[in-house]
Amino acid sequence: MKEKKIIRVLSGIIIMIIIVLAFFIYQNNENEKIKMMQDRELDNVYLELDSISNVLNEKILTISQLGGDIDSLLVLKEDLELEKKEFRTRAYAQINRLQGKVDGYRELLLAQDEEIERLKKVNEQLFEENKEQKIEINSLNSTISNINQSNKKLEEKIEVASRLEIIDFEVIGVFRNGSKKKNSFRNRSLDRITINLTLNENDLAKIEVVDVFISIEKPNGEIIYDISKGSGTFTFEKREEFYTIKEGVLIDRFKKDLTIDYIKNQEFNKGLHKVHFYTNEYKIGNGEFLIK
């Protein structure tokens with residue numbers, strides 16, 4: 001009887017041990033399942049954080065290119081990266097809090113999408129305004145250019161219209177005996193020639209003293225040139241030209257008669273002589289006389 005009782009007691013103990021072991025095995029399996037589930041959840045949340053970090057980078061770049069404010073997003077980016085670094089060391093109890101942050105980040109990203117769309121519309125509007133302004137500016141520049149061209153043409157016409165003009169001309173040969181002949185005479189006993197000319201009135205002419213250069217051209221094309229008589233050179237149309245005599249003339253816009261004497265220092269050749277009148281800017285006119 002005593003042995004049977006001991007056997008029953010031992011059997012009960014063994015059964016209890018088996019039950020306890022079975023419970024621990026079951027509990028361990030459950031814990032492993034929970035741990036695996038937690039690990040998967042942690043991995044999923046981390047992957048979401050990493051994905052959000054990448055999207056946030058793109059938003060920051062886009063907003064920066066559109067000229068938006070990215071300072072607050074950069075601070076948020078730093079916080080997000082810090083969360084990622086510390087994430088693996090956090091306990092399961094933090095998952096809900098982290099999930100809440102993930103949801104908050106998602107809402108923030110949606111808000112940034114709205115900001116990006118707003119900035120795009122602003123940029124499109126600015127582009128259209130700039131386009132219209134460029135068209136207006138180009139039109140204005142074209143108008144100004146046309147006005148400048150018109151003014152330039154008008155100034156050129158005024159400059160031409162303001163030039164001096166010879167309306168009457170004659171050359172008088174004065175001889176040693178005091179006699180005179182006009183425009184055609186012999187060289188013998190000739191003392192000097194007197195050039196008489198009349199400048200037309202011109203209301204557009206500047207009131208100033210103008211140097212009038214007089215070139216007497218021989219029949220062979222050479223210019224009578226004698227330094228002792230005041231001959232020299234001047235620049236006309238970027239060329240150096242010779243003149244026989246020079247006369248300073250006061251231009252006062254009224255009709256003006258001029259008398260210029262040239263005492264000869266050499267014999268005039270027979271033939272037609274031409275007389276040219278210049279200023280530095282333009283030719284006034286010309287005339288001629290004949291030496292028989």
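Only the coordinates and a few stated rules stand behind these numbers; no lab work does. This one's a predicted model, so the numbers in the text were calculated from it and none came from an experiment. Using ideal geometry, Cβ is built from the backbone for each residue, glycine included, and neighbour counts are taken over all protein chains shown.
Among 233, 279, a tally of other beta-carbon atoms within 10 Å of each Cβ gives an order, fewest to most, of 233, 279.
Of 218/256; 206/264; 59/134; 180/255; 238/283; 182/246, which sit over 24 Å apart, Cα to Cα? Working shown, then result.
Working: 218/256 27 Å; 206/264 34 Å; 59/134 31 Å; 180/255 26 Å; 238/283 14 Å; 182/246 22 Å.
Long pairs (Cα-Cα over 24 Å): 218/256; 206/264; 59/134; 180/255.
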